Amino acid sequence: MSIPTICNAGCNKQFTIEKFEIEQMNDGVEQTYFECPHCKNRYVAFYTDPEIRKLQVNIRNMGKSSQTAKGVKLIEKNKRLMNDLRKKMEGGQP
Ligand SMILES: [Zn+2]
């Protein structure tokens, strides 16, 4: 993986995301993030919790059938849960 990006919340230098790091947080929540190699500013890619990770395994296991209505529904649910979790984690309050 090699994604070019700009450190727009830090030093404004260009860098390449080589890999995501994972930090374990409370309640089984994992924060997936990457860091600017220049100024070490942290950018959070997304959060997952045990429910989300289970759902993602289900979706992955569906393979091609994740294109079906049932699969699409699960993918939508996954997106919604990830959005909610991010709001919860970044809102600071439960
Ligand atoms: Zn930077």
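Values in this text are rule-based calculations from the coordinates and carry no lab data. Here the structure is a predicted model, which is why all the values come from computation and not from measurement. Cβ: placed from backbone, ideal geometry, glycine included. Neighbour counts: every protein chain shown.
Can you pull out the trypsin sites (Lys or Arg not before Pro) in the stretch 4-48 whose DSSP state is coil and whose Cβ has at most 16 other Cβ atoms within 10 Å? The qualifying sites are LYS13, LYS19, LYS40. Excluding same-chain neighbours fewer than eight residues apart, the lysines reachable from LYS79 by a Cα-Cα span under 29 Å are LYS19, LYS40, LYS54, LYS64, LYS70, LYS87, LYS88. Calculated [222 nm] ellipticity per residue, helices only, for the chain: -13000 deg cm²/dmol; basis is -39500 (n - 2.57) per DSSP H run with n ≥ 4, divided by all residues, nearest 500. As a proxy for reagent exposure, ranking ARG80, ARG53 by other Cβ atoms within 10 Å from fewest up yields ARG80, ARG53.
Within the straight-line cut-off of under 18 Å between alpha carbons, the aspartates and glutamates reachable from LYS13 are GLU35, sequence neighbours fewer than 8 places apart in one chain being disregarded. Size check on the chain: the Cα extents along the three principal axes, sorted descending, read 44, 33, 18 Å.
Amide H to amide H distances under 5 Å link PHE46 with THR32, where only residues 5 or more positions off or on other chains count and H is placed in the peptide plane. Close amide H pairs (under 5 Å, H built 1.01 Å from N) link ASN41 with CYS36, residues at least 5 positions away or on another chain. Residues whose amide H falls under 5 Å from that of ILE17, counting only those 5 or more places apart or on a different chain, are ILE3, THR5, with hydrogens built in the peptide plane.
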